[in-house]
Every structure is written in structure tokens, then in C-alpha cells.
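Following: one structure in C-alpha cells, then a few remarks.
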Amino acid sequence: MQGKETPLNVTEEWQLVRIARSSDRRRSRLKTDHLTDETGECLLADPCVRALRRCARVATSALSGRTVRPHGRDQVGQREGAVGLTTHAPQAAQAVTLPTTLDEAVAALTAMPAAVPVAGGTDLMAAVNSGQLRPAALVGLGRISEIRGWQYQDGHALLGAGLTHARMGRPDFAALIPALAAAARAAGPPQIRNAGTLGGNIASAAPTGDALPVLAALEATLIIAGPDGARREVPVSHLLAGMEMLRAGELIGYVRVPLLHAPQVFLKATGRTGPGRATASVALVLDPARRGVRCAVGAIAPMPLRPLEAEQWVASLIDWDNGRAVVPEALHGFGEYVAAACIPDAAPDEDGSVPQLPPAVLHLRRTVAALARRALGRALS
Amino acid sequence: MSNDTATAEAEGTAEAATPVPEPIPHGLGESLPPADARAKTEGTFPYAADLWAEGLLWAAVLRSPHPHARIVSIDTTHAREMPGVRAVITHEDVPGTPLHGRGGRADRPVFASDVVRHHGEPLAAVAADHPDTARMAAAAVIVEYEVLDPVTDPEHAFEAEPLHPDGNLIRHIPLRHGDPDAAGEIVVEGLYRIGRQDPAPIGAEAGLAVPRPDGGVELYLASTDPHGDRDTAAACYGLPPEQVKIVVTGVPGATADREDQGFQLPLGLLALKTGCPVKLTATREESFLGHTHRHPTLLRYRHHADAEGRIVKVEAQILLDAGAYADTSSDALAAAVAFACGPYVVPNAFIEGWAVRTNNPPSGHVRGEGAMQVCAAYEAQMDKVAKKLGLDPAEVRLRNVLATGDVLPTGQTVTCPAPVAELLQAVRDFPLPALPKDTPEDEWLLPGGPEGAGEPGAVRRGVGYGIGMVHMLGAEGADEVSTATVKVQDGVATVLCAAVETGQGFTTLARQIVQDTLGVDEVQVAPVDTDQPPAGPGCRGRHTWVSGGAVERAAKMVRTQLLQPLAHQFGMSTELLQIADGKITSYDGVLSTTVGEALDGKELWATAQCRPHPTEPLDEAGQGDAFVGMAFCAIRAVVDVDIEIGSVRVVELAVAQDVGRVLNPAQLTARIEAGVTQGVGIALTENLRTPRGLIRHPDLTGYALPTALDAPDIRIVKLVEERDVVAPFGAKAVSAAPVVASPAAVASAVRAATGRPVNRLPIRPQAAVATGN
């Protein structure tokens, strides 16, 4: 009753509340919980990893930043009810656009900056259901048939961003890009895999996104659709590291992945036998044409990590002309090398002594070593 | 060829026979399906979250973000001024007693007034015309805190400043039994930690409060203890109990005191204040913050045994983290101390148990409370004794098992059936599951899941045992009484009993009892509200015992009323008449009539009570006949462990249980499977982490419940049906015992697979890695 004189101020306060809460959410989503021990201390002391995390924080903030829009003021006028004070927000007032081409979708986003693009909605709807997000308008991407399949282009596959995990998990896709298919099959329960998309996995940029280490190992390139038919290419690692970001009105259209015609492996360690978030994951692909091994470790940092030196070292040990033979010790050494590169020892103290890593981190390192060793072993077997 | 023809003929006859409907099972011992099963599977069953009323308002509760803080001020001005907000209430708006609490310890404020003692403690509640508005208004209540250091380590609670006027020590039981100087030839010691399990009820809490014209209020809740909650609510609202009515809506499933009074009580206050119906549907996050959890426990054990592996003495210290408020911690501690030695004969026992207050989220009743934590510890100790003596773990256990007539460390003689040796032998002798080496590699389910990283060469298999015991009904002098009414009219029987169906199958059981006693096939069980006489809380297998007993007595009284005129007419006693399939026949089959005819349009009613024999509280030395009955369970676990990554998959759990009598085989199997799966959760994944008193990951992504792939093959090897003479039908409760024994069995199996000590539950991956230790 008292609020009748000051509806506008109240609305502004709501906006503050919403903005404060949504930024809380971003913080909480970006917490790298799996890297902290029970006291909440950050376990990754390496400055380079910290820097990476900072970059990734910028990147994901920029990505999700545009999705956080408070209610417009126009809703104040829609309040009505028995005492004239109801705050029911009629759902019909929310605009939903269902474009059928990528350019229409970009145009719809440009025309309505408050709109949120939605593909599978597996992350977005969780935010809506928990009250963290009330999009003023939605642009549904589900009817854009051009991004729901794939095509071939100069020895590459051009994957539509709307490919679902379920589709990527099927055998015909697995014959093309086995590691991405394995990641898609591991990406959660069937309900999530049926809805969640490749583009959504990239845009959410969750540290535990299962497709991300595979795309990093494949050195995939994103083709981003912008206003007026503009297309630009961004390496997936640049986007995940925050070196380049999505601009207003832009959408991830396609992902270009090289077709390597060689074994690829994706391995994931989780806390349970059923579907769960990765505690660590390793994607490893062989590139016989360039005689290279490319490996990315996911879920232990805000973005996938590439142990470049370990890749080069092990590639030099493989007998590429002789059935890709390698001595068993090299597999073991590769695992240790990858793990040490991704989870380095703590920086030495002033007196030169190296502090012991906490047991949970040592275990994570051991897990990464086992995953990398097994991945290489399976790829070369 | 001839075989094929025979099969085809058999199929043909089966097809021809299909029009004949299968007889619907009825009566005790049959697998009667629950009456509401269809509605529940089709999604038409109304739960509290589905309720609606004209002019409905939505409530939201403001919860403390700090585990320990002094409240400097609470300013509700902004929240009140928001459009759509109809009421904002704080501790100043509680008309009745400001404190409440389960287990007879009223130490918990409805709304915190001066101090918040745990993360998620309610501070204020809002009623508004939209759930979002209510949540935003709750967020707009400005609370100024002076943040205090939380006491989160239960070991520090003893010396810490009192967190509550009642002090930090909630209960201390120093159990002394036998000769303190007794010593064995070998001594094994261990320190064990059990994590915080959340009951994670399917369907988060929800409720609707409707004001009544007489100034009272009706609460529609999924309460498991309607009369207890009614009395608490009435005291809080300053109303006589008759003016508060709790109507129990469908309970989506409960393994604990599932409802959170932190929102139940404000709902009624808001309804009384606004004069409108008020509803709240908790999010999963609120659910994790609101309800009580299993007691995290620290246990220190020392077992003395002789060279043959017989236990000579057990010394133990048990520390239960009760969280910020007492709740039912006293009961949990009594169970933990009394069962600290397990189902073994231990002549000398010295057990110190404490339940202490901390700034962690409150702990309360989750099935198997107290008994589950000690089981994990004493079974680990038995493994250590076996290892030290080089004996088979099952053999060491068999040399010590309890039997009927043995004495517990509390001085209570076990008078009920205690077929512990039989149970253990059954699971030990059951064939082990085959190794997957003969099946195609793609069909293997390795630790880590179907798309996981499991590598056959790194997987080790382990076998372990766990034997658990649990008490039934409330202990230590609790008055466990239930009242039921049975009515028969026009060939239809109705049961009125305030026992809540929480998934334990009580309504089905009540139908079976009445079908058996009265020979009436159509039995209805009336919905529960507090206008009915109390039946008590639904926990610790109570309702099968006391409410089932009350229904049986009432049905028998109706039967006597029904048969008396006939018996008189035929000149024989009622015992010589039988009722079956709706027909009354005399023993010789000469006389026959239907129940409908015998009723002759009359309506027969009877009400009866069931009250088990009394118990006594544990005295200052932990001695006393505190328990009405006990149930036992033996489980053999077979696990696969990836010894490099530390991932564990439970392959099979073989269960043998002491059930007294099987009343409904299908429900019994389901309850055992559910209990075992809950135990697998405790053993491997379920731990609500609360660093510095703050609940982390209050969602079902972060709090990993077992999925269908985590649930092992559950083989019910043996159900020992040795009737408990004091229990109605001789039946024992089945739900809690598998929860108690299965975590210990899984831990024991992981120990066998890895050679690691496994002292902590849930088992962390780094504790299940066999290399590099």
C-alpha cells in the first residue's frame, strides 16, 4: 500500500537487486570449486594458470553479460489486480522470435538488444527456473536448420552450432570426429544430450564443458555471424581465453574442425558412475599429416589447457612410419609431463623450499597423468 | 523341435487365457500394489506444490548468509513498500512462544532475533502476490550483521564460547559396561569420519496455509508428524491446538524428518496476518538450507581381541556434530552409543558419546541415525582385527555375533530374534558375481561409467562385509502410541489413522490388514489430518508396528461386532466362523453367508490403540532397557576400483535381512533396494560440504546422488522370517537396517580391493588409489 507513490524508485531498486544477484551468480558459476580444497584456498598457485583464469572470467562475463537484463520499466504499467498492486508479469508480454536463418536471428538480436538467444536452454532454463534470469525476450535458435547439421569444406568439417550432443554421439558423426562424439556421449544424461548444443557448450564456457577440450585439441575455429551478414573467424581458444569476445548481436554460427583421419580419444574422470561433471578430462588427437599429437586437459582450469611441450616431446618419440609405435615408457612419461605442466608445483618459498601441494591437488595431478597416459595409449594402440 | 512346439503351444494357451483377469492380490503376505501408484506415475497425484487457493499469496523466507553473526538491526521498510508485498514478518511478529524444536528441546527460534547460528537460518518472511516479488522483497530486507567467527569444528565446541544460552554440549553419554582393566592379546585402533548426508527428499518442501474464519489456520503440508507439527505451530501462533489444523498432502517420499519448520511456521503467521491463503514452494537450494541433515561424526575406536579373534573390550569416543540446534540429536547419540559395538558380543565396553553444538547446519533424524555412523566404524575395526590375525573377515565376525539372549553394552538383553550368524552365512555363501572377462568388452561397466576413463588393467575387485543393527520405534521412554479407526459399511471398509504414508507403504499395509481380518476386498484409507487422533511421527519403522497394530485391533473389534449376532444365531462362538473372499462360513462349511448380508445395512465402527511395552532412558552409565525392538541386516559388497584414478563402482550388494515376517514382498524388496542405494550414496558420493559453516553446492549437480548406473545389482539373498512375538504380525521394520549396513560393506570392499585403510565416508578418490601411498 505504501509503495503506491514510488513505483519507479522501487523498480530501480529491483534492477539493482537483480544486477547484484546476477553478478553473484556469475561469480559463483566461475568458481573453480574443483580446484579448491575444503578451506576454499585456491590450489593452483601457478601464476600463468591464474592469469588464464582471469582471462576466462572476462570472457564468460562478456558472454553471459548480455543475457542479464532487468525488466524494463514498461512492466510497471502492467501491474493490476484486486487492490491494483499485483506484480504478476503476464508471460504473453515476453516476445519470442523464432527465426529460420542465421541472419534473421542476428537481425532479431540486433533489433531487440534485450533479447536472449536460446538453443538447447540447458543452462539458460536452469537460470530462469532459479530466478536468476528473467529474459525480456527470447530468440529461439531451434528452427535454424542450417546450423543443425554439418558440411565438408577443404578437408574440414563445418559443424553447425545447433548440433545436439545426441546427434554428435551417433556412429556416423563418430566416424568423422571420434573425440567429439565421445565427449558428446559423456555430456550428461539423455535429456541434456537431446537438448544441449555444441554452440551452447562453447557460449556457456563452463570449465567442465565436455566439448571444450576436444575443440581445443582440434584447434577448432568458430565462425561467428554478425549484423548485415558479416562473418568473422575466431579460434575457439581465443574466445575461451577472453582474447576475443562475442559482440552485441553476434551468434556462434559454425565450428570448423579439421578432419584428421586418425585416432582420437576423449577421457573423463567423474565422481560417480552415472552422468556427472568432469573432475578432469583429457582430449587427445593424432595429426599424422603433420606428425603431431595434440592434447587438451579440461575441467581443471576455467578453460582447457594445452601442454604444448609435452605434445612436441611425445610426437618426436613416435615412430610415425612404423605403425605409430612408441615405447611404453614414453606413455608413462607423457602422462607425467602433461600432469606437471597443467598442475605445476607450487612456487618455491623464499628459502628455496617447494611447499607440498595439498593431497586433493596431488590426486588431481595423478588423475590427469593417468588420463593422459591412457588416452595416448588408446590412440596409438 | 518338440520343445519348440511345446513352447508354441504354451504361448497359444497363454494367449487364449488372457481374457481371464489375474486375481488381484489381497491380504497379508501378498504383493498388493499401492492404491496411488498409478496416479503417482502418471503425474496426477496432488502434492503440496500443486495446491492452489483463490486469492493466493506467495511467501518467501529470508535466510542468513552467515553461519554466525550478531544481528544489529533488521530494516523491513523497503520490503514493505514494494508493490505487491502484503506482509513482512520478523521475530517481533511471533505472537506465541518464540522457540521450537523437535525431540523435546525447544532451542530454535522461529526467526533469529539477536544472533544467527547457522547458514540458512530464517530471519524474516514475506507474503506477496507473486513468488518473484516475494523473493525480491525478502532480498530487500536490510539486515545489519556483526559477523562472528563460526565454530565449525565439533572438537572445538567444548572450549568455545557458548553459541546458545543452553550451552554447547547437547548430550553426553558415558557408557560403562564390564571390567575397565580387561585387555586382549591384540589391539586395533582407528579414527573415522562420516560426512554430512542430506536426505534430499524427492520433491522439495512446499506448503499452503489457509486462514480460517474462527481465527485459526489450516496448514496443508507434507508433514510426517502432523500432530507434532500442529502442536509446534499452535504454540508459535499463540493459538489453542484446536484452532490449528494440519492437513497432510501427498508426501513425495521421506527418509527423514523431511519438512522444514523454518518455512512451515512463517506460512501460518503470514496467513493469519494477511487473512489470505499463503503458499511457498521451496527451491532445491532452500530445501538444502532448510531441513536437517545426517550427523557428521568423528569416531575413535580401540578394539581388544584375543588370539582367536574374539572381542574382549571396545573403547570408543563418538562425537556427533549436532549443528546449531539440538533437534533430535539426543536420540541419535543414544543409538550411536548403544550400538557402538554393533551386533557382536562385547563383554566390556567403554563408550563416551557427545553431541555438540556448532555453527554448522542443524542435524536431525535421517533413517539409521547414529547406528549408521558407528556401523561404518565398528565394521572397519572388525576388518582390522581380521587383518591383524590373518583371518577371513567374515570368520572374525562369525566368532563374535550376537544372538537372542545376549546382552548389549547398555545392559539390555536382546529378547527379539537376532539371527545375525544366519544372515552373515547367507551372504558369505552366496555365489560371487562373475568377472566380466567372458562378456564383450563394450558391455563392461567399469568404474567411471560407460564413457568414463576406466581401464580394465587398472581395475581391482574387492569383497567386503557389513553387519548393521538398528532400533525400531522411539527409544528411551518415548510414548509410542497410535490410534486407528476402522469402519465397515456396504461391504466397503474405511481406515482412519493419522499415520502418514511417506513411501513406507503404510496405506497398502492397512488395506492388507483389513482385507485379511474382515474379508472385505475394497478398503479405503482416509487422508490424514490433525482432526484424527494422533498416530505419531512416521520414522524408525513406527507405523508398521504401532499403527499397523492399531489397525489390526480395530479391524478385529469390527469383526467381532460383525460375527457376534451370527454366532449367537447359529449357537457357536465367533472363533468358529471364518471370513474369506467376502463370505462368512462356519468351520464345518455348513453355514454360509456374505459379509454384505451380515452387515444388513449397518455401519460398524471400532477404534483401537496400540502401545508397545515401555522403555527406560539410559542412565548416567549408559545402562537401561532403552529399545523396544531391533532389526539386523548383513550385506556383502563387491566393488570394482580403478586403483589409479580412485573411482569406485559397486558391482553387487548381497543382502540378508531379519524381517520378522514378510507382509508385502514387492514393497519389502523396494524398501531394501532404496535403503541400500541410500547407503551407497553415503559410501561414495553424498557429502554436503560446509567449509566455514557455509553450505556449498546446494543443488543436485554438486550434491551427487546415486543414479541408476551407480546403483548396484541388489540381490536379496535371504529374508529371515523369525517372528518377533511382541511386534504386531511379528514383523520388523525393514527400511533403516540396509542404510546402516551398506556403507560399511562398501568401505570394507574398497579396503579389500586397494589395501588402503578407508577411514572416511564418503570415500574420496584419493583414498581409493592403491599406488603412490
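Nothing in this text is a laboratory measurement; each read-out follows from the coordinates by a stated rule. Small disclaimer: the values here were computed from a predicted structure and weren't measured. Note that we place each Cβ from the backbone using ideal geometry, even for glycine, and neighbour counts take in every protein chain shown.
Observations on the model:
- Each residue in B:D93, B:D327 was given a count of other beta-carbon atoms within 10 angstrom of its own, and listing them fewest first yields B:D93, B:D327.
- Using a cutoff of 8 angstrom between alpha carbon atoms and counting only pairs six or more residues apart, the relative contact order for chain B works out to 16 percent.
- Shielding by partners, peptide B:451-459 (average Cβ within 10 angstrom, other chains): 6
- Here the spin labels are modelled as points 7 Å beyond Cα on the Cα-Cβ line, and at B:E575 and A:A114 they lie 8.3 nm apart.
- Point-to-point label distance, A:E329-B:F158, nm (Cα→Cβ direction, 7 Å offset): 5.5 nm
- For A:V118, distant residues with modelled amide H under 5 Å away: A:V139, A:G140, A:L141
- Among beta bridges that DSSP assigns inside chain B, antiparallel share in %, nearest 5: 75 percent
- Charges were assigned to the Cβ only: +1 to each Lys and Arg, -1 to each Asp and Glu. The resulting dipole of the protein assembly as shown about its Cα centre is roughly 2540 debye.
- Karplus-derived 3J(HN,Hα) values for segment B:342-347, using 6.51 cos²θ - 1.76 cosθ + 1.60 with θ = phi - 60°, are x, x, 10, 7, 10, x Hz; glycine and proline are entered as x.
- Cβ-based charge dipole, segment B:159-285, positive-most Cα from B:G215, B:H164, B:I246: B:G215
- Members of A:K268/B:K437; B:K437/B:K718; B:K556/B:K583; B:K388/B:K437; B:K279/B:K487 lying beyond 25 Å, as alpha-carbon distances in this model show: B:K437/B:K718; B:K388/B:K437; B:K279/B:K487
- Amide proton proximity set for B:K583, modelled H, under 5 Å, gap of 5+: B:V595
- A Förster radius of 41 Å combined with the Cβ-Cβ distance from B:D179 to B:V725 puts the calculated FRET efficiency at roughly 0.75.
- Charge dipole (debye, nearest 20) of segment B:482-610; +1 at Cβ of Lys and Arg, -1 at Cβ of Asp and Glu: 420 debye
- Where only DSSP H runs of four or more residues are counted, chain B gives -8000 deg cm²/dmol as its mean residue ellipticity at 222 nm, each run worth -39500 (n - 2.57).
- Computed magnitude of the charge dipole of segment B:96-142 (debye, nearest 20; Cβ of K, R +1, Cβ of D, E -1): 260 debye
- The stretch between B:V147 and B:Q243 holds 30.6 nm of extra length on full extension. This uses 0.36 nm per residue minus the Cα-Cα distance.
- Karplus-derived HN-Hα couplings along segment A:139-153 (A = 6.51, B = -1.76, C = 1.60, θ = phi - 60°), whole Hz, x at Gly and Pro: 10, x, 9, x, 9, 7, 5, 5, 9, 9, x, 9, 9, 9, 7
- Between the listed residues A:A360, A:A310, A:T279, the Cα displaced farthest toward the positive end of the dipole of segment A:264-380, a dipole computed from Cβ unit charges relative to the Cα centre, is found at A:T279.
- Amide H contacts of B:R715: B:L653, B:A654, B:V655, each under 5 Å away and 5 or more positions distant or on a separate chain (H built 1.01 Å from N in the peptide plane; Pro and chain starts excluded).
- Each of B:M469, B:M82, A:M245, A:M125 has some number of other Cβ atoms within 10 Å of its Cβ, and from fewest to most they run A:M125, A:M245, B:M82, B:M469.
- For the pair A:V354 and A:R232, the difference between a 0.36 nm per residue extended length and the Cα-Cα distance amounts to 39.4 nm.
- For segment A:264-380, a/c is not less than 1.5, where a ≥ b ≥ c are the root eigenvalues of the C-alpha gyration tensor, and a/b does not top b/c. That puts it in the oblate class.
- Order of B:D306, B:D198 - criterion: other Cβ atoms within 10 Å of each residue's Cβ, fewest first: B:D306, B:D198
- Candidates B:A498, A:A206, B:S287 compared by Cα position along the dipole of the protein assembly as shown: farthest toward the positive end lies A:A206, with charges placed on Cβ.
- Spin-label pair B:R300/B:D406, simplified geometry with 7 Å Cα→Cβ offset, distance in nm: 2.7 nm
- Computed from phi, the 3J(HN,Hα) profile of segment B:604-610 under the Karplus parametrisation 6.51, -1.76, 1.60 (θ = phi - 60°) reads 10, 10, 8, 10, 9, 10, 10 Hz, with x in place of Gly and Pro.
- FRET efficiency estimate (nearest 0.05) - Cβ-Cβ, A:V128 to B:E443, R0 35 angstrom: 0.30
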